[in-house]
Ligand code: SF4
């Protein structure tokens with residue numbers, strides 16, 4: 001069994017509802033909010049099913065409510081979900097409990113309620129502080145609402161808040177992006193995620209790009225945005241710890257997301273949610289209706305399941321960890337896969353080291369900033385099966 005037992009397991013809950021479907025978004029969500037109630041019922045059922053199976057496992061130390069827009073759930077719906085979680089699983093005393101919130105969907109009272117429920121971390125989907133960029137992204141909120149929800153969260157007592165931003169938008173200049181970064185750090189969040197806009201197949205943005213109705217930034221421009229982000233946030237005291245993630249210090253990195261990059265075990269509940277446990281990965285169906293139906297019939301809503309072979313696991317280990325600035329601990333890698341990293345990946349490592357895209361530091365092989373900038377092109381080079 002190779003699941004990383006040095007880390008405690010986590011729980012992800014996917015809340016698949018949004019008021020409006022943003023044109024660039026690839027996450028599974030629907031706008032039929034009338035389905036929320038039957039969904040919550042099914043979700044509680046799914047939690048109970050897994051609780052029976054994982055009852056003797058170690059205490060979980062993260063819960064992450066993502067989506068979709070979890071902040072669309074009512075207080076009673078959230079209360080029920082937490083009741084089932086607490087009844088079914090044991091949690092560490094310092095469990096990190098995150099909820100994604102969208103500005104314009106909640107106020108101070110709801111934030112206070114989250115606090116009472118035990119939620120101790122917020123991830124706010126700000127994306128931009130420019131009105132026209134928010135319109136391009138089809139976000140339903142304004143920059144003012146983003147500032148308001150942030151300040152309300154501080155007043156409600158949240159001392160661990162992350163802000164999500166997106167760069168390389170159509171027509172965006174580096175100056176525009178710097179303004180958004182400036183406005184973000186002025187709020188002093190503990191954490192900032194800065195994502196390069198992608199055009200995923202099947203999204204309206206992808207179709208508009210193909211039809212020539214939307215333009216994307218060049219690869220060169222995307223590199224400039226990436227480096228600008230790093231330079232700007234480093235200067236503001238944020239530590240770049242993963243390709244798209246920055247934290248004010250190591251205590252406020254996203255403990256939950258770190259599990260994904262280090263093969264730690266996690267259970268995912270809700271439609272489209274993924275789980276990883278004892279070298280098995282499985283994913284739930286990507287349909288609220290199907291999800292509700294299956295759980296109603298007493299079946300697990302699983303669409304796909306695989307057991308990771310050692311080759312795949314080894315590649316994923318490299319692929320995921322090289323996204324973090326900790327990189328690969330060479331001694332651990334050799335212990336786990338019985339051969340040195342540098343022997344297995346001799347060619348790739350030599351090339352990356354020679355080109356200044358990677359470095360070996362404190363017995364760790366890791367990408368440099370220059371390497372991180374092009375990591376999507378680099379990482380597939382490590383496939384050996
Ligand atoms: S609010 Fe978030 S999850 Fe919902 S459609 Fe927009 S980007 Fe996607």
Residue in segment 123-130 that is over 30 Å from residue 48 (Cα atoms), surrounded by fewer than 20 Cβ atoms within 10 Å (Cβ to Cβ) and more than 22 Å from the chain's Cα centre (by Cα) present:
yes
Taking segment 29-44 as the search range and keeping residues that are touching a strand residue (DSSP E or B) at 6+ places or on another chain (Cβ under 7 Å) and farther than 16 Å from residue 83 by Cβ, which one is farthest from the ligand (Cβ to nearest atom)?
36
Inter-residue pairs, beta-carbon under 7 Å, first closer than 9 Å to residue 103 by Cβ and in segment 128-144, second within 14 Å of the ligand (Cβ to nearest atom) and part of a loop (DSSP other than H, G, I, E, B), 6+ apart
139/22; 140/19; 140/20; 140/104; 141/102; 141/103; 141/104
Conditions (1) outside any helix (DSSP H, G or I); (2) surrounded by 19 or more Cβ atoms within 10 Å (Cβ to Cβ); (3) more than 16 Å from the ligand (Cβ to nearest atom) -> residue 81 fails only (1)
Screening 169, 134, 165 for residues that are in the same structural domain as residue 69 (by TED's automatic domain parsing), under 17 Å from residue 191 (Cβ atoms), in contact with a helix residue (DSSP H, G or I) (Cβ under 9 Å, 6 or more places away or on another chain) and within 16 Å of the ligand (Cβ to nearest atom) leaves only 165
The lone condition residue 65 fails out of (1) part of a helix (DSSP H, G or I); (2) surrounded by 19 or more Cβ atoms within 10 Å (Cβ to Cβ) is (1)
For segment 251-323, which strands (runs of 3 or more DSSP E) that fit wholly inside it have 2 or more residues that are within 15 Å of the chain's Cα centre (by Cα)?
266-269, 274-277
Does at least one position in segment 45-63 carry a residue that is in the same structural domain as residue 138 (by TED's automatic domain parsing), under 21 Å from the mean Cα position of the chain (by Cα), under 25 Å from residue 276 (Cα atoms) and within 16 Å of the ligand (Cβ to nearest atom)?
no
Hey, any hits in segment 96-113 for a residue that's away from the ligand (no atom under 16 Å from the Cβ), assigned to a strand (DSSP E or B) and in the same structural domain as residue 178 (by TED's automatic domain parsing)?
yes
Tell me whether segment 329-352 contains one or more residues that are closer than 13 Å to residue 46 by Cα, without any contact (Cβ under 8 Å) to a residue 12 or more places away in the chain and assigned to a helix (DSSP H, G or I).
no
Filter segment 137-155 down to residues that are surrounded by fewer than 20 Cβ atoms within 10 Å (Cβ to Cβ) and away from the ligand (no atom under 14 Å from the Cβ), then give me how many there are.
9
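The values are calculated or read from the model by the stated rules, or taken from the named source; none is laboratory data. Just so it is clear, the model here is predicted, and its values are computed rather than measured. Don't worry about glycine lacking a Cβ; one is built from the backbone with ideal geometry, like all the others, and counts go over all protein chains shown.
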